[in-house]
Amino acid sequence: EQSTPMPPPSGINKPVKRLRRRKLNNNNSQQIMKLGVGGMVLFLIMLCCYSYYSNVPHSYLKQVELYQSGGCLRGTAKKSWVSDDAQKFNEHSEAENANHLIIVAGHSVIIGGNLEDAASDEHVWYLLDYQKSVGMPQTIVSHIQAGISEAAKDPKSLLIFSGGETRASTGPVTEGSSYFRVADALDLWQDKRHGVRARTATEEFATDSFENLMFSICRFKEITKFYPQKITVVSFTFKQRRFEELHAKALRWPLNAFSYVGIDPSASAGFDLQKSTVAEYQNAAKPFETDPYGCNSPILQQKRLDRNPFSRTPPYKLSCVELVDLLDWCGPELFPYELPWDHV
């Protein structure tokens, strides 16, 4: 016979219900605490973001805004200076078959991003005090244009922008590469049928005009495997005597195979040709008259030290082995031994 189970006392479930309520209350409290902590974290994050962006310079925010909208501030333009169809160096062996060296001597390096203004804006270039407010941007670009024009006339020419890392304040930026970038940015290469860009290189170790000439000859040799038969130099008119009568003479380069293109800033820009000619003679030409290789004069030695702040060592003793003795020669007498161009 089965016994009928006795029902539990009516009050036995009441403690269970109270336990469940306590458990539910505990869960609710934990969820509320989590929500509170999460809200506090979110608030702190928003506070940090507000603090950061409220301290970001307005100019920076404006720069980002213009960049995203396709606008342009200095150094932020999306435009590429090198087009997809830009001529490649030595594209059809034009450079390696050259026999005429054209040198554009560098006088500054770029420091601004908006190179499209390189012909008018002094802020694009690192200029010394005596180079300011005399029309230097226009003149530098005129030198670049003149070099390209000379190269366009002779398909057997190699154009070299020469100048090293001469300014400590700008970082390791070379004069040679600066000129090349400006030619790209301003699209100065003229008719592509002339192939000038494919025949243009840089020389990035020269610290003065003598080295512009000597190192560019070595750079020509690196590219063509031969020494030039003719040289053209583009610089200021007041430096012509120094190049022709001192530097070419020191290298025993024949003047019948030497041409010079001189371009100065205009007087209307504040340039004083007479003053610059006097300063050129006192500070450069005169020391080179007694020290043709720039090795012994304290003035010339100090200039080379000051213009080589990154302690670069030219590699030309390795690539121009025929000129090792000339590269080491300090004079003051002229180099007495045979040179590759003695019979040019």
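Placing +1 on each Lys and Arg Cβ and -1 on each Asp and Glu Cβ, with no other charges, gives segment 130-224 a dipole about its Cα centre of roughly 280 debye. How much of the pair distance distribution for segment 289-333 lies past 18 Å, counting alpha-carbon pairs only, in percent? Cα-Cα pairs in segment 289-333 separated by more than 18 Å: 40 percent. Applying the Karplus relation 6.51 cos²θ - 1.76 cosθ + 1.60 with θ = phi - 60° to segment 185-193 yields 3J(HN,Hα) values of 4, 8, 6, 8, 6, 6, 5, 4, 5 Hz, where x marks Gly and Pro.
Could you tell me whether segment 163-237 comes out rounded, prolate or oblate from its Cα gyration tensor? Rule is a ≥ b ≥ c as square roots of the eigenvalues, rounded for a/c under 1.5, then prolate if a/b exceeds b/c, otherwise oblate. Let's see the in-between values first.
Working: a/c = 1.77, a/b = 1.09, b/c = 1.62.
Judged from the Cα gyration tensor, segment 163-237 comes out oblate (a/c at least 1.5, b/c at or above a/b).
Shown in residue order for segment 308-317 are the 3J(HN,Hα) couplings computed by the Karplus curve 6.51 cos²θ - 1.76 cosθ + 1.60 at θ = phi - 60°: 10, x, 9, 6, 6, 10, x, x, 6, 5 Hz (x for Gly and Pro). Rounded to a whole number, what % of the accessible area of segment 167-319 do carbon and sulfur atoms account for, probe 1.4 Å? Heavy-atom surface of segment 167-319 belonging to carbon and sulfur, 1.4 Å probe: 52 percent.
Summing Cβ point charges (Lys, Arg +1; Asp, Glu -1) relative to the Cα centre of segment 199-344 gives a dipole of roughly 320 debye.
The residues of segment 171-249 expose on average 34 square angstrom of accessible surface per residue, using a 1.4 Å probe on protein heavy atoms.
If only the Cβ of Lys and Arg carry +1 and only the Cβ of Asp and Glu carry -1, the dipole of segment 98-154 around its Cα centre is close to 140 debye. Binning the C-alpha pair distances of segment 241-303 at 5 Å intervals from 0 yields a P(r) profile of 4, 16, 22, 19, 19, 13, 6, 1 %, listed from the shortest bin outward.
The values are calculated or read from the model by the stated rules, or taken from the named source; none is laboratory data. This one's a predicted model, so the numbers in the text were calculated from it and none came from an experiment. Positions of Cβ are generated from backbone atoms using ideal geometry, with glycine treated the same way; all protein chains shown enter the neighbour counts. SASA here: full protein model, heavy atoms, side chains in, ligands and nucleic acids out. Shrake-Rupley method; radii C 1.70, N 1.55, O 1.52, S 1.80 Å.
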